[in-house]
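We did not get these values from a lab; they are worked out from the coordinates using the rules stated. Predicted model, so just to flag it, every value in this text is computed and none were measured. For neighbour counting, all protein chains shown are included, and Cβ atoms are generated from backbone atoms with ideal geometry for every residue, glycine included.
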Amino acid sequence: MSTCPQCGANVAADAHACAKCGVNLIFHYIPHPRIAERKERIPFSTRDCLPHNGVIQRFNAFVAVKITDGVGTMWCAYLFGILALISLPDAVRGGTATLVAWIAQTFLQLVLLSIIMVGQKVDGAASDKRAIETYDDASAVLQEAMQIQAHLAAQDKVLSQLTDEMRALRSS
């Protein structure tokens with residue numbers, strides 16, 4: 001179903017004139033279903049992606065998010081760094097193999113884990129911001145397209161009036 005550019009009445013897709021006001025129709029605007037769908041909901045957030053279907057799943061997700069928030073801080077990385085440095089003297093005394101094992105197993109895994117998590121949080125926040133910006137941009141483009149559609153409908157109205165006037169002049 002499309003709408004009349006002059007009176008806004010619903011018009012059949014194959015109609016050449018509006019049954020309500022009689023204006024000639026040169027274009028049938030049919031809104032895409034996504035337009036109505038977008039009006040109904042806002043962009044997804046991280047909270048929307050968490051499980052909602054059971055107490056155990058919600059509890060597990062809550063604990064995982066809290067631990068991730070705690071471990072994914074630079075303060076935790078500093079704490080892990082200090083903890084790793086406590087065992088450094090023993091690793092140095094153990095020789096090259098022990099020192100390499102300490103670097104790989106203790107320092108890299110313990111400290112870099114937290115630093116990587118901080119970086120991922122920053123990247124995730126930036127990604128969320130970009131997604132919201134993209135959503136807002138798409139909304140703006142949609143509004144602009146609707147303005148163009150309204151402009152074209154106004155032009156259709158004027159062109160229909162001119163066509164009617166020309167027909168009236170021809171028949172007289």
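Apply the Karplus parameterisation 6.51 cos²θ - 1.76 cosθ + 1.60, with θ equal to phi minus 60°, to every residue of region 111-126 and state each ³J(HN,Hα) to the nearest whole Hz, in sequence, with x for glycine and proline.
Those phi angles translate into 7, 5, 4, 5, 5, 5, 5, 4, x, 5, 5, 5, 4, x, 5, 5 Hz.
What are the principal axis extents of the Cα atoms in the chain, in Å, biggest first?
112, 36, 23
Could you tell me which of Ala125, Ala153, Ala104 has its Cα farthest along the dipole of region 44-172 towards the positive end, charges placed at Cβ (Lys, Arg +1; Asp, Glu -1), taken about the Cα centre?
Ala104
Return the long-range amide H neighbours of Ala17 (sequence gap of 5 or more, or a different chain), with a cut-off of under 5 Å between placed amide H atoms.
Leu25
Could you give the length gained by full extension between Ile67 and Ser171, i.e. 0.36 nm per residue of separation minus their alpha carbon distance, to one decimal place?
Values: separation 104, 0.36 × 104 = 37.44 nm, distance 8.28 nm.
Separation in residues times 0.36 nm, less the Cα-Cα distance, equals 29.2 nm.
Need the full-extension length gain, Arg38 to Thr163, defined as separation in residues times 0.36 nm minus the C-alpha distance. One decimal, nm.
Working: separation 125, 0.36 × 125 = 45.00 nm, distance 3.75 nm.
This chain segment gains 41.2 nm when fully extended.
Skipping prolines and chain starts, which residues have an amide H placed within reach, meaning under 5 Å, of the one on Ser2, given they are 5 or more residues away or on another chain?
Excluding prolines and chain starts, which carry no amide H, the hits are Val11, Ala13.
The chain: longest stretch without exposed chymotrypsin sites (Phe, Trp or Tyr not before Pro) (DSSP loop, at most 14 other Cβ within 10 Å), sites themselves excluded?
Details: sites that count: Phe27, Phe44.
Longest stretch, sites excluded: 45-172.
Show me, for region 18-23, the HN-Hα J-couplings you get by feeding each phi into the Karplus relation (A = 6.51, B = -1.76, C = 1.60, θ = phi - 60°), rounded to Hz, glycine and proline as x.
Residue by residue, region 18-23 yields 6, 5, 7, 10, x, 5 Hz.
Show me, for region 91-100, the HN-Hα J-couplings you get by feeding each phi into the Karplus relation (A = 6.51, B = -1.76, C = 1.60, θ = phi - 60°), rounded to Hz, glycine and proline as x.
Ordered by residue, 3J(HN,Hα) equals 5, 5, 5, x, x, 5, 4, 5, 5, 4 Hz.
Can you give me the convex hull volume of the Cα atoms of region 73-150, divided per residue and expressed in Å³?
Working: hull volume 5.3 nm³, N = 78.
It comes to 67 Å³ per residue, whole-number rounded.
Taking the simple approach of a point 7 Å from Cα along Cα-to-Cβ for both Gln149 and Ile86, what is their distance in nm?
Taking the simple label geometry, Gln149 and Ile86 are separated by 6.5 nm.
Evaluate E = 1/(1 + (r/R0)^6) for Val55 and Leu110, where r is the Cβ-Cβ distance and R0 equals 41 Å; express this FRET efficiency to the nearest 0.05.
Working: r = 33 Å, r/R0 = 0.80.
That gives a FRET efficiency of 0.80.
Using R₀ = 22 Å, calculate the FRET efficiency as 1/(1 + (r/R₀)^6) where r is the Cβ-Cβ separation of Asp136 and Ala13; round to 0.05.
Values: r = 33 Å, r/R0 = 1.48.
Computed FRET efficiency for Asp136 and Ala13 comes out at 0.10.
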